Amino acid sequence: MPKKPGTNPKGEFAFFNVVYEDNSQRSNRRVPAELLGGLDGDEPARAFIREQDREIAEKSGRPQLEIKSISRVGVKKK
């Protein structure tokens, strides 16, 4: 059954594109918006994504890749 319009909370997550050391990219990685902002800006997103990657690597048996860069989806570069 389809959801009613307006039932998905807006602004609950921020989305990031992540580039790894081997130049592979993962798009739209979700990070809870409550972790972001303040003096640290988007830096807490890196730690959150690193922890997600650790859990994924542990479950898949593949080595964890180091993050080269992250950028918030939808934010224009200056």
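FYI, it's all coordinate maths here, none of it is from the lab. As the structure is a prediction and not an experimental result, all values here were calculated from the model. Using ideal geometry, Cβ is built from the backbone for each residue, glycine included, and neighbour counts are taken over all protein chains shown.
Ranking request for peptides 13-22, 32-41: highest mean number of other beta-carbon atoms within 10 Å first, then the rest in descending order.
Put in order of decreasing packing, that is 13-22, 32-41.
At a Förster distance of 25 Å, what's the computed FRET efficiency of K59 paired with S24, Cβ-Cβ distance as r, to 0.05? Write out the running numbers ahead of the final one.
Details: r = 18 Å, r/R0 = 0.73.
Rounded to the nearest 0.05, the efficiency is 0.85.
Running Debye on segment 13-71 with equal point scatterers at the Cα sites and no solvent, what base-10 log of I(q)/I(0) appears at q = 0.17, 0.18, 0.22, 0.31 Å⁻¹?
-0.54, -0.60, -0.87, -1.35
For segment 38-78, place one equal point scatterer on every Cα, skip the solvent, and apply the Debye formula. What is log10 of I(q)/I(0) at q = 0.19, 0.31 Å⁻¹?
-0.66, -1.09
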